[in-house]
């Protein structure tokens, strides 16, 4: 059953198009590869040395010659450079999201520098610049900031074949029609959707059209619906659609170029849609089958996958900035007040104290059912919040962040009165709308 099957899980295939291996990497084009530098840096004469490092990142050590000619014999030593690179790597790993380390040499002896603690300094005339370029996906440096730029979020309404759209700036809810044939053929009860960049993305599902006594068919359709103005869409299916037909999966927009499609019934595969190239790329494999898991982007680097149907108690994470493409099962620690964790179909929003909070969903854990769970991603600890939980379900398992600790989500509803959920720091508010 290949990559798509949880019953035939094997090693993650080599996927993607970037793999430098251990060969020497040629001199990098600074303008294309690294963030632009201030003129004070570019005006200096410089030398550089490239280190392959590993398959996840490469390191460039750049030597600025300005006012340090007398130390030339020191800083040209490969041994010393390797020591500095090793120290820089150790510093970088402990500070997850730093993309650039600038080392200012206060000492004439580089051996002393390599043993000292590396510190960030403002742009000026550093003697040495160590830059680490990740070989994974070029995701945004500030994910919440990018999400906060959006103007619309939306939800497909299966019963009336229309798209419900919330205008964030105007605080107004409206519905717009979508081509009925497109809706019927490509948006199903077990399809998944997500919002990002003023687009609604919808994928997969089990076809509702079938002959009598025949089995339903998994689809690989994918819709990219522009919410700005009159609805327009790009439709992908068959050879141009999802690489793995799936249902009951989850999706998340990864600013600003990707939509990740994760898991589903009997499916371990993770793939993404490249918004610029309009292509689908196989990315990785989950360790466990996850039906409608909750997803969240953490520390501008990691994609987290929480639980799933059947009350899965496990979480997984993957660093999208590296080229390793391996999901790690997290050893979740339970805070003393929690005896067990049995929760599914919840949505995730950003929370205080290096945490995310689990909102809504279903739970069989009656002992802890009065309060929301939160997860500290620095310590991998699950704990109970002081906030009492609200009962709701949402097809999109991620609250779209419009500010640092404020997220919005359109839940599932079964009446004419439409609700918008707003999570703000430590409270969940409901805004009612009628169309």
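Okay, here's what the table says:
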| quantity | calculated |
| --- | --- |
| Gain on full stretching of the segment that runs from residue 172 to residue 390 - 0.36 nm per residue minus C-alpha separation | 76.1 nm |
| Principal axis box of the stretch 186-290, alpha-carbon based, largest edge first, Å | 41, 36, 22 |
| Chain lengthening between residue 339 and residue 405 when straightened (0.36 nm per residue, less Cα-Cα) | 21.0 nm |
| Mean Cβ count within 10 Å, highest first, over the residues of peptides 399-407, 342-350 | 342-350, 399-407 |
| Per-pair calculated FRET efficiency, R0 = 30 Å: residue 148 and residue 412 via Cβ, rounded to 0.05 | 0.75 |
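FYI, it's all coordinate maths here, none of it is from the lab. None of these values were measured; they are calculated from a predicted model. Using ideal geometry, Cβ is built from the backbone for each residue, glycine included, and neighbour counts are taken over all protein chains shown.
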